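Participant: First the structure, then my questions, so here it is.
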Amino acid sequence: MARRHGRDGEQPDPIAVGNPITPEDRARLTMLARDNDLAGCIAAVDALVSRGISFTDICLDALGHAAAELGQMWTDDRCSFVEVTAGLGILHLLLERLSASFLANIPVRNASRRILLASLSGEQHSLGLTILGDLFRQSGWDVTMELAAAQADISATVRNGWFAIVGLSVAADERTPLLAGTIDEIRKASVNPYVGVMVGGQALLQHPELAERIGADISACNAAEAVLRAEGLRLLLDHGTERRLPAAGV
């Protein structure tokens with residue numbers, strides 16, 4: 001994928017807003033992914049890039065929508081598990097391709113912008129968290145990812161490396177007690193005694209009040225909000241301000 005350049009060959013701001021993604025764009029990408037048409041998907045995404053649509057919008061409004069729609073199609077028996085699995089695999093490949101194009105030369109803006117993003121063992125879907133990681137990188141964060149990780153592995157990571165924030169994702173309500181235990185272990189193990197904890201995922205989207213109950217500092221309803229709230233929490237912790245913020249939607 002060719003990189004787009006601005007005046008005098010400079011790389012443009014990847015979050016600049018281009019032409020809006022249309023319902024037809026979303027539907028086309030979803031169907032191409034369902035049909036396991038990698039070449040068609042690449043052409044569709046390249047067309048969005050050529051229209052000047054931002055990395056963020058392509059990730060959230062095109063790839064994110066396609067992933068959600070594939071899941072709904074499976075729930076409604078409009079496609080098979082094999083089709084959904086293959087389609088999600090293609091969406092992951094598209095995200096990797098976009099990331100290599102847009103994010104390769106974006107520097108970390110501040111040494112304290114280090115974040116660990118993790119999903120707990122047993123979580124089935126990783127595309128959303130992967131997209132979130134790329135949005136953090138786009139915003140100048142140093143990102144470490146752990147997908148479907150055991151609690152002990154997450155604890156070991158924060159024990160062996162300094163992170164300003166740990167972001168955790170959980171999909172099902174019944175897994176929130178495990179999330180609470182994981183947060184407690186993170187605070188005990190972290191080499192950074194003032195580590196911030198952010199939570200998200202379907203379970204928190206439906207019940208944002210759970211964030212404070214399970215010991216998190218903040219929650220976020222979507223990826224764009226997560227980046228903004230994490231930056232706010234980082235600044236508060238840098239200045240020694242009281243840690244906990246209201247959960248999103250509360």
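Participant: State, as an integer percentage, the relative contact order of the chain based on alpha-carbon contacts under 8 Å between residues 6 or more apart.
Facilitator: Averaging sequence separation for qualifying contacts and normalising by length gives 14 percent for the chain.
Participant: Next question, about the same structure. What Kirkwood radius, in Å to one decimal, follows from the Cα pairs of the range 27-111?
Facilitator: 13.4 Å
Participant: How compact is the chain by the rule of thumb for globular proteins, expressed as Cα Rg over 2.2 N^0.38 Å?
Facilitator: Here the answer is 1.03, to two decimals.
Participant: Students often check this: by mean Cβ neighbours within 10 Å, which of 48-58, 126-136 ranks highest, and how do the rest follow? The partial results should precede the final answer.
Facilitator: Values: 48-58: 18.4, 126-136: 21.7.
Final packing ranking: 126-136, 48-58.
Participant: Length gain on complete extension for the stretch D184 to L235, per 0.36 nm per residue less the alpha carbon to alpha carbon distance?
Facilitator: 16.1 nm
Participant: Taking other Cβ within 10 Å of each residue's Cβ, how do R113, R97 sort, fewest first?
Facilitator: R97, R113
Participant: May I ask for the distance between the Cα centers of the range 38-59 and the range 217-231, given as a whole number of Å?
Facilitator: Each part's Cα centre sits 25 Å from the other's.
Participant: Helix 38-50: angle to the longest alpha-carbon principal axis of the chain, degrees 0 to 90, nearest 10?
Facilitator: 80 degrees
Participant: Okay, moving on. Starting from the 7 Å offset along Cα-to-Cβ, what nm value, one decimal, do you get for the label separation of L38 and Q206?
Facilitator: My value for the distance between the label points is 3.5 nm.
Participant: With label points built 7 Å along Cα→Cβ from the Cα atoms of T75 and L103, find their separation and express it in nm.
Facilitator: Between T75 and L103, the label points sit 2.7 nm apart.
Participant: What does the highest-first list of 212-220, 137-145 look like by mean Cβ count within 10 Å?
Facilitator: Peptide ranking by packing, descending: 212-220, 137-145.
Participant: Using only Cα atoms, tell me the angle between helix 23-34 and the longest principal axis of the chain; keep it within 0 to 90° and round to the nearest 10.
Facilitator: Roughly 90 degrees between the two axes.
Participant: Against the longest alpha carbon principal axis of the chain, how many degrees, from 0 to 90 and to the nearest 10, is the axis of helix 151-160 turned?
Facilitator: Between the helix axis and the principal axis of the chain, the angle is about 80 degrees.
FYI, it's all coordinate maths here, none of it is from the lab. This one's a predicted model, so the numbers in the text were calculated from it and none came from an experiment. FYI the Cβ positions are ideal-geometry reconstructions off the backbone, even for glycines, and counts take in every protein chain you see.
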